[in-house]
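See structure below.
Bear in mind these aren't lab numbers, they're just calculated from the coordinates by the rules spelled out. As the structure is a prediction and not an experimental result, all values here were calculated from the model. Ideal geometry is used to build each Cβ from the backbone, glycine not excepted, and the neighbour counts take in all protein chains shown.
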Amino acid sequence: MIKTDVVIIGAGPVGLFVVQQLGLIGLKAEVVDNLDKIGGQCIELYPDKPIYDIPAVPECTGKTLTENLLEQIKPFKTNFHLNERVQEISKEQKNWKVSTSGKKTFLTPNIIIAAGVGSFEPRKFSIKEAEKFENNGVFYSIKDKTYFKNKKICIFGGGDSALDWAIELSKIASEVTLVHRRDEFRGAEHSAKVARELEKEGKLKIKTPFQIKSIEGDNKITGITINTEEGKIEKISLDCVLGFFGLIMKLGPIAEWGLNLEKKTIPVNTENFQTNKEGIFAIGDICNYPGKLKLILSGFHEGALAARACFKLARPNEKYRFEFTTTSKTLHERLGVKKSN
Amino acid sequence: MAKITYIEHNGKHHTLDVASELTVMEGAIQNNIPGIDADCGGACACATCHVYVDEKWFKKLPKIESAEEDMLDMAYEPNKYSRLGCQITVTDDLDGLVVKMPSKQG
């Protein structure tokens with residue numbers, strides 16, 4: 001059990017900045033995120049797209065913004081729990097007990113939900129049978145590639161993951177077919193070229209513009225049917241199907257915690273961004289109040305106020321003092337700033 | 001301004017006036033039309049404002065750009081009339097546009 005002042009759900013820009021705001025007032029935070037990397041939507045959806053409305057930063061990419069925020073929170077030596085989704089929360093006297101999919105538990109008086117539109121999950125095949133065979137022949141990620149040795153497999157998708165895995169698995173699988181809904185691949189040009197060369201050498205089959213129509217098999221997958229929009233149908237016998245359609249955001253377990261919800265957002269008050277539960281705050285894109293703007297800069301403000309409210313619950317016997325980073329010795333110590341004179 | 005008809009997957013029609021310069025996605029979100037999620041808020045980055053444009057209208061729309069086509073790879077059950085609502089800007093010329101929503105956005 002990890003005891004902390006605040007558990008932050010979401011390592012996007014708003015979750016990162018609130019670490020800094022908490023750190024300045026002397027609170028320790030632990031950050032949990034379902035992605036395998038820090039940065040949230042900024043890193044997953046638009047790492048290279050420029051952002052023009054971060055105050056005092058005329059232009060920066062999602063990647064740079066994330067790197068700068070990480071630099072800014074360095075003094076607070078924060079623990080990140082990546083690849084983990086917060087599953088359950090329960091009240092334990094004055095604290096919240098928070099458990100993750102990675103079997104970690106936290107005990108904390110405060111939870112800050114900075115989860116954007118929810119956690120990133122793989123997009124799945126639309127056909128029903130895919131669900132039945134998930135992790136038993138149908139996969140959306142690869143943990144151990146040796147599993148596919150000498151197997152007949154089919155990979156769906158047109159991006160880098162689909163191309164890279166088709167190339168990689170063609171070395172060890174007995175047969176690899178790459179299926180994509182159109183003739184062009186959006187992945188790296190070089191990878192697409194390599195895939196076409198492997199096709200010529202007979203090491204990889206490429207089927208476009210096909211989509212999945214059905215999966216055949218009772219307890220085990222035996223084959224699939226693919227079709228084109230024009231009605232051309234083909235059958236492939238195989239052992240495994242892999243889908244790489246990118247990620248989608250799902251609200252997930254947050255919906256089960258007894259919080260008021262409005263569509264996929266959490267209503268908060270604008271004084272401290274607390275939800276309908278004491279000690280649970282929501283900031284950034286996931287919170288909702290009259291006039292809410294889904295801008296990163298709004299999330300920063302929301303985090304600054306929520307952090308002060310966390311102080312009251314984490315340090316009930318201490319008085320919070322408002323201080324400026326320009327002049328406060330305490331803040332300089334927390335930031336690790338050396339005195340100039 | 002254009003009258004746009006949004007048809008939910010269950011067949012329910014919603015016809016409404018959408019101001020020029022808004023996108024087809026924004027027209028749906030601002031009027032609480034179900035079936036369009038728009039998770040990323042209109043950055044052509046999530047494919048959750050996926051619509052099937054009525055065949056007659058599809059050719060009249062400005063040509064699809066590669067960034068949108070790339071995102072459509074991730075959309076739920078795309079077909080040759082698929083577009084992202086956030087990439088269709090409403091103009092007077094689109095008066096009468098009809099779009100259908102997929103069974104879900106992902």
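Evaluate the relative contact order of chain A (contact order divided by residue number), counting alpha-carbon pairs under 8 angstrom at least 6 apart; express in whole percent.
Result for chain A is 19 percent.
State to the nearest 20 debye the size of the charge dipole of segment A:176-330 about its Cα centre, where the only charges are +1 on K and R beta carbons and -1 on D and E beta carbons.
It works out to roughly 380 debye.
Using alpha-carbon pairs under 8 Å, 6+ residues apart, how would you state the relative contact order of segment A:122-258 in percent?
So the answer I get is 31 percent.
Which net charge results when you count Lys and Arg as +1 and Asp and Glu as -1 among the other residues whose beta-carbon is under 10 Å from that of residue A:268?
So the surrounding residues net to -1.
Could you compute the net charge surrounding residue B:81? Neighbours are other residues with a C-beta less than 11 Å from the C-beta of residue B:81; K and R count +1, D and E count -1.
Net of charged neighbours comes to +2.
Distances over 17 Å make up what percent of all Cα-Cα pairs in segment A:124-245?
Result for the distance tail: 52 percent.
Below 10 angstrom from the Cβ of residue A:145, what's the summed charge of the other residues (Lys, Arg +1; Asp, Glu -1)?
Details: positive: A:143, A:149, A:171; negative: A:144, A:168.
Once positives and negatives cancel, what remains is +1.
Please give the Cα centre distance for segment A:84-129 versus segment B:40-106, rounded to the nearest Å.
What the calculation gives is 32 Å, centre to centre.
Can you tell me the orientation of helix A:160-169 relative to chain A, as the angle in degrees between its alpha-carbon axis and the longest Cα principal axis, to the nearest 10?
It is inclined by approximately 50 degrees.
What's log10 of I(q)/I(0) for segment B:2-100 at q = 0.18 Å⁻¹, Debye sum over Cα points only, no solvent?
The calculated log intensity ratios at q = 0.18 Å⁻¹ are -0.75.
Can you sort A:328, A:170, A:126 so the residue with the fewest Cβ neighbours within 10 Å comes first?
A:328, A:126, A:170
Loop-only trypsin sites (Lys or Arg not before Pro) in segment A:242-314, please: DSSP not H, G, I, E or B, and at most 12 other Cβ atoms within 10 Å.
The qualifying sites are A:263.
Taking the Cα centre of chain A as origin, sum charge times position over the Cβ atoms of Lys and Arg (+1) and Asp and Glu (-1), and report the length of that vector in debye to the nearest 20. Don't skip to the end; give the middle numbers.
Working: 51 positive and 43 negative charges, 160 e Å.
Computed about the Cα centre, the dipole is about 760 debye.
What's the percent breakdown of Cα-Cα distances in the protein assembly as shown across 10 Å bins, shortest bin first?
Distribution as computed: 4, 18, 26, 24, 18, 8, 2, 0 percent.
Straight distance only, please: which lysines reach the Cα of residue A:145 with their own Cα at less than 18 Å, same-chain residues fewer than 8 apart left out?
Counting by Cα, and skipping residues close in sequence, residue A:145 has these lysines nearby: A:171, A:203.
With point charges of +1 on the Cβ of Lys and Arg and -1 on the Cβ of Asp and Glu, referenced to the Cα centre of segment A:124-245, which listed residue (A:130, A:169, A:187) lies farthest in the positive direction of the dipole?
Value: A:169.
Among all stretches of chain A without exposed GluC sites (Glu not before Pro) (DSSP loop, at most 11 other Cβ atoms within 10 Å), which one is longest?
In chain A, the maximal stretch lacking such sites is A:60-200.
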